[in-house]
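Colleague: Have a look at the structure that comes next, please.
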Amino acid sequence: MATETEAAAPALALADAEINWDRLDKTRFHIIGAILFTAQSALLHPTVVVKTRMQVAHSGVSQMRGLSVFRNILRNDGIPGIFRGFGTSAVGSMPGRVLCLTSLEVSKDMMLKYTEGVDMPEATRVGVANAVAGMLSNLVSCVYFVPLDVICQRLMVQGLPGTTYCNGPIDVVCKVIKSEGFRGLYRGFGLTALTQSPASALWWGAYGAAQHMIWRSLGYGDDMEKPSQSEMITVQASAGMVAGACSTVITTPIDTVKTRLQTMDNFGVGRPSVMKTIKALLKEDGWRGFYRGFGPRFLNMSLYGTTMIVTYELIKRLSIRQN
């Protein structure tokens, strides 16, 4: 969005405030992004651990409230328990974020240029460009992030029935490859790619459209001066929260199946599959089993949507190329 310019420069109009890929210093963009996104992940990681344990555990834990699960982890494992898998996730995510952010910005920039002049409402055009960019960046990043998810989630659920104990991320990789070969690291890849890519499109499309409509509802037009910093943060946070809430309601059942598929080993004879996972959930809790961990995930996605997009837009403002 808008950024500070030299004192003598005129304020940007709202239509010119979007910081596109060609305006960014790519090195600063990725370095600042790695630092700020790692800090953001640290703040939200405990909700991911709680959500994952509720999705994987049998009915005793799955039917507990998220706060009770959080307290149970603290009581049994202390602070390290609610940050299980964070080190692996933080270090491992850095190359993936470079890949994801680059593909997101490049594809969004291409879509905005391609649809320029097309007869459609501006909010729709922005939403479509963001949606396509979100889907493409998710497809690209799945190749990197699915194995990382398998490793991190297995570390998060150590000690639960049906899981295999592993002594660190390297041990996880070794045991998975020994048991199932390299494809074991890609458990749930098809499910993730086929479902999370549309979910990513939904998130980014909802964010882009919601932000545009909020600006218009506040009276900003193409010929008006740039909004203040506080207005930008408020609008971006609000649009991110709306996008996160919408995405959570639709994607939680898919996320529950994917998480169990990637972490559980005790399914009986044969390699774990989507159908075996679905049958196990139905047998344990019925249809409500697909919404295990909904509370922590809703909190995580809403907070993530808000903090991620504010952080992301801040990174872009701090990374503008100096002419």
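The values are calculated or read from the model by the stated rules, or taken from the named source; none is laboratory data. All of these numbers come straight from a predicted model, not from anything done at the bench. Cβ placement follows ideal geometry from the backbone for every residue including glycine, while neighbour counts extend to all protein chains displayed. Please note that ligands, DNA and RNA were not included when accessible areas were found on the heavy atoms of the full protein model with its side chains. Shrake-Rupley method; radii C 1.70, N 1.55, O 1.52, S 1.80 Å.
Colleague: Counting each DSSP H run of 4 or more residues in the chain as -39500 (n - 2.57), what helix-only mean residue ellipticity at 222 nm follows after dividing by all residues, to the nearest 500 deg cm²/dmol?
Modeller: So the calculated ellipticity at 222 nm is -25000 deg cm²/dmol.
Colleague: Also, quick follow-up: Give me the percent relative contact order of the range 55-145, please, defined on Cα pairs under 8 angstrom at least 6 residues apart.
Modeller: Relative contact order comes out at 29 percent.
Colleague: Anyone know which of Pro46, Pro80, Pro198 comes out most mobile in the 10 Å Cα GNM of the chain?
Modeller: In this elastic network of the chain, the residue with the biggest mean-square fluctuation among Pro46, Pro80, Pro198 is Pro80.
Colleague: Follow-up question, since we're still on this one. By how many degrees, between 0 and 90 and to the nearest 10, does the Cα long axis of helix 189-217 differ from the longest principal axis of the chain?
Modeller: 30
Colleague: Can you tell me the dipole magnitude for the chain around its Cα centre, using point charges on the Cβ only (Lys, Arg +1; Asp, Glu -1), in Debye to the nearest 20?
Modeller: Roughly 1780 debye, rounded to the nearest 20.
Colleague: How much of Ser319 can a 1.4 Å solvent probe reach, expressed as accessible area in Å² and rounded to 10?
Modeller: Estimated to the nearest 10 Å², Ser319 gives 0 Å².
Colleague: Cα-Cα over 27 Å: which of Lys178/Lys258; Lys113/Lys258; Lys51/Lys108; Lys178/Lys283; Lys26/Lys175?
Modeller: Table pairs above 27 Å Cα-Cα are Lys113/Lys258; Lys51/Lys108; Lys178/Lys283; Lys26/Lys175.
Colleague: Now for a separate question. Pairs of alpha-carbon atoms within less than 8 angstrom and 6+ residues apart define the contacts here; what relative contact order does the range 25-319 have, in percent?
Modeller: Averaging sequence separation for qualifying contacts and normalising by length gives 27 percent for the range 25-319.
Colleague: Can you give the alpha-carbon Rg of the range 25-319 over 2.2 N^0.38 Å, where N counts its residues?
Modeller: Dividing the Cα Rg of the range 25-319 by 2.2 N^0.38 Å gives 1.04.
Colleague: Quick one: which residues, 5 or more positions from Leu24 or on another chain, have an amide H under 5 Å from its amide H? H modelled 1.01 Å from N in the peptide plane, none for Pro or chain starts.
Modeller: Close amide H contacts, sequence-distant or interchain: Arg321.
Colleague: Once the dipole of the chain is set up with Lys and Arg at +1 and Asp and Glu at -1 on Cβ about the Cα centre, which of Thr52, Met111, Ser141 lies farthest towards its positive end?
Modeller: Farthest towards the positive end: Thr52.
Colleague: So which trypsin sites (Lys or Arg not before Pro) in the range 53-140 end up in coil per DSSP with only 15 or fewer other C-beta atoms within 10 Å?
Modeller: Arg65
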